[in-house]
Structure formats: C-alpha cells, structure tokens
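Remarks on the structure that follows.
The values are calculated or read from the model by the stated rules, or taken from the named source; none is laboratory data. Computed from a predicted structure; not experimentally measured. Backbone-built Cβ (ideal geometry, glycine too); neighbour counts: all protein chains shown. These accessible areas exclude ligands, DNA and RNA; they are computed on the full protein's heavy atoms, side chains included. Shrake-Rupley method; radii C 1.70, N 1.55, O 1.52, S 1.80 Å.
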There are 2 protein chains.
Amino acid sequence: MPLDSKTVRIAVLPDPTGSAARVAQEAGAHPVPLHDANALVWTASSPAEFPTDLPDSVRWVQLPSAGVEKWLANGIVDRQRVWTSATGAYSRPVAEHALTLMLAAARRLPDCVRATTWRKDELRASVGTLRDATVVIVGCGGIGRALIPLVGALGGQVVAVNRSGRPVPGAQRTIAAADAADVWSQGDYLVLAAPATQQTERLVGAEQLRRMRSSAWLVNVARGTLVDTDALVAALDAGEIAGAALDVTDPEPLPDGHPLWTHPRAIITPHVANPETTLRAYFHERLTHNIRRYASGEPLIGVVDLDAGY
Amino acid sequence: MPLDSKTVRIAVLPDPTGSAARVAQEAGAHPVPLHDANALVWTASSPAEFPTDLPDSVRWVQLPSAGVEKWLANGIVDRQRVWTSATGAYSRPVAEHALTLMLAAARRLPDCVRATTWRKDELRASVGTLRDATVVIVGCGGIGRALIPLVGALGGQVVAVNRSGRPVPGAQRTIAAADAADVWSQGDYLVLAAPATQQTERLVGAEQLRRMRSSAWLVNVARGTLVDTDALVAALDAGEIAGAALDVTDPEPLPDGHPLWTHPRAIITPHVANPETTLRAYFHERLTHNIRRYASGEPLIGVVDLDAGY
C-alpha cells in the first residue's frame, strides 16, 4: 500500500438496490453514513434529492452522469471539495449509437422501415456506405475518441474538432474549435459530441446549417441545446442538409406534434444512446477506478472544472 | 513479364458506358470483339442478354454478381472454360449492411422511426448494444470475414459456421455446418451469409427458429431462399424470436400486403446491401485483379465450382 493511501469511507446514496455500495466495498472502500464519510457517491441521475448540506468531511463527490449542467445550474457543485462526473464512462455505448445513426442514414433505414412496397430501384441508387465518408466530430473527448476506430473500420475518415486543436490520435485532421468556422462544409456527417456549456449553446444554427453539404447529415448524441431546433427544421425543409439524427433535442422531451416526429429525413431516438442495460456496469467500472485512485492518491478521472463549466 | 504471361484479348459486354472496358485496358487487357476474344467480362446483373453461343476461343468468363444461381439455373455456366463470379468482391459493403441491421435491432430503430411521441422510459430499458453480444455467422466466407472485425470493434464476439469447420481467424469458435444443429440457440444475432445452394435452401425453418433465443434476431444478407418465410412469420408472431432483419426475401420482391411489411419487429431492406454507389468500384477492383492474374497465369479469384453449385 502506498504511504499516502487513504481509507475511503464512502456514503453511497440513494442506491436503492445496494449494488453501488457492494461495488464500492469490492473496490476497497467502506460504505458509511453521510455524517461519517470522506467521500460520497450519488447514484441517481437527478439532483432533486441531493443532500443540501454536505458535511465538510466529504472531500470528494462522484456524480453518475457524464454531463453535469443540471448540477451546476442548481449550484450543487461547490469549490470546497473535488467533484467528479462520469464523463467518458459511457463513451463506448454512445459512440456505438452515433455509428448506428450514421449507418441508418447512409442505408436509408427510415425509408425502409416506413416502406410497404419493394422500393429497390429508387433506394439502391441512393443508399450509401461509410467507405470514404468524412465524419466531422465536434467535441472530440471520450465519445469522439471511441467513435474514431469504428469509422475507420468501415473505411471512413475523421476530422476532429476540439478546444485545444491538439491532434487527436486516429483523426485525419484536428481543428481547434476557434478555427472551426469552415469545418461545417467538410463532412458527410457532422457528429456533435461536445459538452453543453455556454460556448456550445446553439453551436449549430442557421449559418452553420447553410454551410453544410446538402448531402450531409447532422448527428447529435451530446445535448439538445447545442442545436437551434427551429433553424434545423427550416434547413431540413429547405433541403440545405440531407437529414438529422438526434438522440437529444431542445426542447427535450420533444413535444408531441413537433414537425421532427414525422419529418421523412429525421431520425429521433429518445435519449437512449447510453442505455440502461449497460449503464450501471459502465458506472460501476468508473466508480471502482476512482475509489482505487482516491485511496492511492492518484488523480481522479472526470474532475469537474467549474470555470470550464463541465 | 513472366514467361507464361498471356495477352488478354477481352470482350467487354454489354458495358453501355464503356467504363469496364477502360478498366480492362488499364489493367493491361486489350478490348476486342467477342469472336476475337480469349476472355469475356459480362457487366449486366441479368443473364437475359448473355451470348448464347460463346466461341471456343473464350477460355475465361468474368460474371458481375457474387451469387451465380441464376447463371447456373439457365445452364449458361459450362465446363468448357473457367467462369468466375464476383464472390467476395462486395463483402465489405454487405458486411456493413449486416452490421447496420444488427445495430438497428439492438437500438430499436424501427420503434424510434415509427414513434410520434417521446417513448424514453419504455425504450431506454430495452435498448441494447453489441457489447458482449454473440453473433453467429452462418457461411463465413468473404462477408463473414469482413463482418468479424466490425463486431469485434463493438465488443461483441463471433461464432462462425462454415463447410470445413476450419477455424476462421477472429471468430471465437468455428463450427462445421454438418455439426451446427445446436448453433441456433447460441447467438443474440444469427447472420446468414452463405451462398444459395441446394444445401442451404430453407436452411432456416420452423425447427431452427424454435431453437433460437426468444431475444435473438435473424439477419439475412445472403439470399431469400435460405429462409422459410412462412415459418419466419409464424415464429415472429409466436414470439419465438425477437425480430428479423432481411435484405433478401423469398419470394423476392416481397409482395405488397405481405405481413412482413408491417410487422413491428421486422426490418425489410430491398436487396440494397451492395449499393450501386459503390458496386461498380468494387467490381472494377476485382476485374483488375483477375485480368492481371489471368495475364500472369496466377489462379483467378472466385472460380465457380459447378459441383458445389457456387
């Protein structure tokens, strides 16, 4: 055991099934009541029931979501202790969902699902593949990095957009967000995978949509607020882009009767990119890693940066 | 140039745009009229206009399709010369289509496409991923081998079924077709990628469907005749399997009003796994390879085996 190793006395809340507490224990932590804890793991996706008055003894809080904008907006995340989100923990299922949406677009699955007759001649000429396609990934963190090898396996190439402009391994090019005004015209698919911050709010508006190729699809697996929904509907109607595949919307839930529900070139999935069937396993994996890191004094994964806003 | 190199005098028919003739020329062949040719490349997917009386001088015929059952049924393929199909040339786009269908099934895209309201609670609990899924690939030739790394990239594993039982690289297990009676219960996805032969006709009938997991999907990117369609509809209605994603059907085209068109757990794509947008490029790639091989006396790729029937 390293000299500076700590005993992790962890409160695990609300954890109705006790499964997170078991995982914490297996990782070497001691589940304790909150007043006795130096760490807290919160297992509910909503901050509604979050304890309002954390004891000073709690030095680290692990949250279960990858995006923490709700926790920041509520003023829950403070500067008195370390907060970690689960950012990156769900990258693989979300990247798989982004791939699914691109393939569904390329292969014209919405038309196929709605068809009640053999439309081979019409569809065969317009079905595409990801081979030689250019995928622009905006916000190339964990999801983007998980998506790059999937696109590569199908013969496509990736242009990555990130804050620093530091080359992303596997991407053919990396562009800093500040220099990305021209990137909208460069992709067959524009995949949004950036966190929801003030800088990314309505990142995709009328101007960006106009710059996109008329054959391109917009894919959003990040947060609905990154897209100006009215501008998107207008761009779809005007044929400025080929289609939109959205796992997240603004407003969300997408209201009944909204034109995107029935638009022939829109695919809406109801925020299921990170499905329940694998969510717990991925979160528990992250919790295990961070408990071990906390115990041995290593840096935690996913520390929330209050100034950056994620 | 090797000593036994041959001049390839090739007839390119019907080739309305002249593009295949240009490819043949670039590969080193001399395009000539049929009566002067020692080789023939036929570019139309239908055998309808195929020359009925080939000159004896034609020693090799390259056909454009991967499956040649129509050419065998018509008695066009003879034993007097070498015939090559394009088997394997379209493996990558077809494997991509199989992946698309599996992901669409896992992610419940048909339900999402048909939804007009935010069904998050219902869908999120039932959406799956390919992580840890077992994919049984029946007929593990070019398509199967192209599919294996794609499944692997998403964290799934493959059980391969082939004629010889010789281990397929990348598959977790390989089973000889003769020993495959138990394989139907072993997959979350059963992907049919075998040629249409007497041995594979109605390979999937009521008995095989009954053995499949009730959570499993049948995916057919091979030929419709591999599946007993009436048995499939009955199995879907009885909930014996979770769903069917078919790029090929029997009968094909699937007639209007057929129950599969509107079945909530069926995905029908109208034989578009190998789309026109990339077909020509892949065929020309194969044509180039085979012309070079013929010229230098190397074995051709895709020689039709009249006894095996493909």
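Please report the accessible area of A:ASP121 (heavy atoms, 1.4 Å probe, ligands and nucleic acids excluded) in Å², nearest 10.
Estimated to the nearest 10 Å², A:ASP121 gives 130 Å².
With the cut-off at 1.5 for a/c, could you classify region B:91-268 from its C-alpha gyration tensor as rounded, prolate or oblate?
Since a/c reaches 1.5 but b/c is at least a/b, the shape of region B:91-268 is classed as oblate.
Hey, got the dipole for region B:91-268? About the Cα centre, +1 on K and R Cβ, -1 on D and E Cβ, debye to the nearest 20?
Approximately 620 debye in magnitude.
Determine the residues within region B:85-105 where the difference in accessible area between the chain on its own and the full set of protein chains amounts to at least 50 Å²; count protein heavy atoms only and use a 1.4 Å probe.
By number: B:ARG92, B:GLU96, B:THR100, B:LEU103.
I need the semi-axes of the equivalent ellipsoid of chain B: take the C-alpha gyration tensor, multiply each eigenvalue by 5, square-root it, list largest first in whole angstrom.
Rounded to whole Å, the semi-axes are 39, 20, 19.
Multiply the residue separation of B:ARG9 and B:GLU26 by 0.36 nm, subtract the distance between their alpha-carbon atoms, and state the gained length in nm to one decimal.
Taking B:ARG9 through B:GLU26 to full extension adds about 4.8 nm, to one decimal.
Compute, for A:ARG22, the solvent-accessible surface of its heavy atoms (probe 1.4 Å) with the complete set of protein chains present, and express it in square angstrom to the nearest 10.
The value for A:ARG22 is about 130 Å².
Let's test the formula: R0 of 30 Å, r as the Cβ-Cβ distance of A:HIS289 and A:GLU69. What FRET efficiency results, to the nearest 0.05?
After rounding, the FRET efficiency stands at 0.80.
Put B:ILE291, B:ILE301 in order of accessible area, largest first, 1.4 Å probe: what do you get?
Output order, biggest surface exposure first: B:ILE301, B:ILE291.
Taking the alpha-carbon distance from B:LYS120 and a cut-off under 12 Å, which aspartates and glutamates remain once sequence neighbours fewer than 8 residues away in the same chain are dropped?
A:ASP247, A:GLU252, A:GLU276, B:ASP111
Where is the GNM fluctuation largest for chain A (alpha-carbon springs, 10 angstrom cutoff): A:GLY156, A:GLY18, A:GLY139?
Judging by the Gaussian network model, the answer is A:GLY18.
As I understand it, the value is the acute angle between the Cα axis of helix A:276-296 and the longest principal axis of the Cα atoms of chain A; what does it come to in degrees, rounded to 10?
40
Counting only protein heavy atoms and using a 1.4 Å probe, what share of the accessible area of the protein assembly as shown belongs to carbon plus sulfur, as a whole percent?
On the way: 13030 of 26340 Å².
Reported share for carbon and sulfur atoms: 49 percent.
Let me check something: with ligands and nucleic acids excluded, how do B:TYR310, B:TYR189 order by accessible area (1.4 Å probe), largest to smallest?
Final ranking, largest accessible area leading: B:TYR310, B:TYR189.
Which value, in Å², gives the accessible area per residue of chain A when a 1.4 Å probe is used on the protein heavy atoms?
In whole numbers, chain A has 43 Å² accessible per residue.
Please give the contour-minus-distance gain from B:VAL233 to B:THR17: 0.36 nm per residue of separation, less the Cα-Cα distance, rounded to one decimal in nm. Write out the running numbers ahead of the final one.
On the way: separation 216, 0.36 × 216 = 77.76 nm, distance 4.25 nm.
Gain in length upon complete extension: 73.5 nm.
Rank A:ILE267, A:GLY165, A:LEU218 by how far each Cα sits towards the positive end of the charge dipole of region A:91-268 (+1 on Lys, Arg Cβ; -1 on Asp, Glu Cβ) and give me just the farthest.
The listed residue farthest towards the positive side: A:GLY165.
Considering only DSSP states other than H, G, I, E and B, which trypsin sites (Lys or Arg not before Pro) in region B:166-268 qualify as loop sites with at most 14 other Cβ atoms within 10 Å?
For trypsin sites (Lys or Arg not before Pro) across region B:166-268 that sit outside H, G, I, E and B with at most 14 neighbouring Cβ atoms in 10 Å, the list reads B:ARG202.
Note down the magnitude of the dipole of chain B about its Cα centre, charges +1 on Lys and Arg C-beta and -1 on Asp and Glu C-beta and zero elsewhere, to the nearest 20 debye.
So the magnitude is around 880 debye.
So how strong a dipole does the protein assembly as shown carry about its Cα centre when Lys and Arg Cβ are +1 and Asp and Glu Cβ are -1, to the nearest 20 debye?
For this selection, approximately 1140 debye.
Please compute how much accessible surface disappears when B pairs with A, both sides summed, using a 1.4 Å probe, and round it to the nearest 100 Å².
The summed interface area works out to 5000 Å².
Under a crude label model (7 Å from the Cα following the beta-carbon direction), how far is B:ARG210 from A:GLN172 in nanometres?
Computed distance between label sites B:ARG210 and A:GLN172 equals 5.3 nm.
Return the sequence-ordered ³J(HN,Hα) values of region B:207-220 in whole Hz as given by the Karplus equation 6.51 cos²θ - 1.76 cosθ + 1.60 applied to θ = phi - 60°, using x for Gly and Pro.
Along region B:207-220, the couplings run 5, 5, 5, 5, 6, 5, 5, 5, 9, 8, 10, 9, 10, 10 Hz.
Where both partners of a DSSP beta bridge lie in chain A, what percent of those bridges are antiparallel, to the nearest 5?
Just about 5 percent of them are antiparallel.
Tell me, which residues of region A:236-274 get at least 30 Å² less accessible area when the other protein chains come in, versus the chain alone (1.4 Å probe)?
The answer is A:PRO253, A:ASP256, A:TRP261, A:PRO270, A:HIS271, A:VAL272 - residues whose exposure falls by at least 30 Å² when every protein chain is included.
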